[in-house]
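Single-structure report; data block below.
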Amino acid sequence: EHNGTFRGNNPAFVTAAATLDAYWADGQMEKQTLARGEQVEQALLAIAEEHQETEARIRGRGLVWGMQFPEAPRASAVCKRAFELGLLLETSGPESEVVKVLPPLTISSEELEEGLRILARAVRETG
């Protein structure tokens, strides 16, 4: 039976909880997550500003963000181009009109910047 990614695996939950306790113990993980979230927000706002013609809307918080395009095919095209450039993104929304940006909590600033540059290039090249 397939239980899905986010349920039915108690050993994984226990391991994850112990790991997060260790990472969160000194408060640094929270500070890092907030800083990376701000980095994502600023980059997405800059991309939307540079490509005002797309009428893309940005929303999110922490490290969970989305870039919503009025035209669903644009979001899919951005994800496809980003994948060709080495960045894995997905769409979401009722019409797959949102490009999801969900970096891992442990991502470095440099890795995140590289991914955001690829996203910006994918938006630029699919316009």
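The values are calculated or read from the model by the stated rules, or taken from the named source; none is laboratory data. Quick caveat, the model's predicted, so the values are computed rather than measured. Using ideal geometry, Cβ is built from the backbone for each residue, glycine included, and neighbour counts are taken over all protein chains shown. With ligands, DNA and RNA removed, areas are computed over all heavy atoms of the protein, side chains included. Shrake-Rupley method; radii C 1.70, N 1.55, O 1.52, S 1.80 Å.
Could you give the spread of the C-alpha atoms of the chain along their three principal axes, from largest to smallest, in whole angstroms?
46, 39, 24 Å, listed from the longest principal axis down.
What are the ³J(HN,Hα) values, in whole Hz, obtained from phi via the Karplus relation 6.51 cos²θ - 1.76 cosθ + 1.60 with θ = phi - 60°, for each residue of the stretch 95-105 in sequence order, with x given for Gly and Pro?
After applying 6.51 cos²θ - 1.76 cosθ + 1.60, I find 10, 6, 9, 10, 8, 7, 10, 10, x, x, 4 Hz.
In what order, largest first, do PHE69, PHE83, PHE13 sit by accessible area if the probe radius is 1.4 Å?
Values: PHE69 5, PHE83 135, PHE13 110 Å².
So, going from the largest accessible area down, we get PHE83, PHE13, PHE69.
Using a 1.4 angstrom probe and counting only protein chains, how large is the accessible area of GLU71 in Å², to 10?
Using a 1.4 Å probe on the heavy atoms, I get roughly 120 Å².
At a Förster distance of 35 Å, what's the computed FRET efficiency of LEU45 paired with VAL14, Cβ-Cβ distance as r, to 0.05?
0.35
So what's the net charge close to CYS79: Lys and Arg +1, Asp and Glu -1, counting the other residues with Cβ under 9 Å from its Cβ?
Numbers: positive: LYS80, ARG81, LYS100; negative: GLU90.
Net charge in that neighbourhood comes out at +2.
Which part of the stretch 103-127 falls in the paramagnetic zone of LYS80, meaning amide N under 13 Å from the point 7 Å along Cα-to-beta-carbon?
126-127
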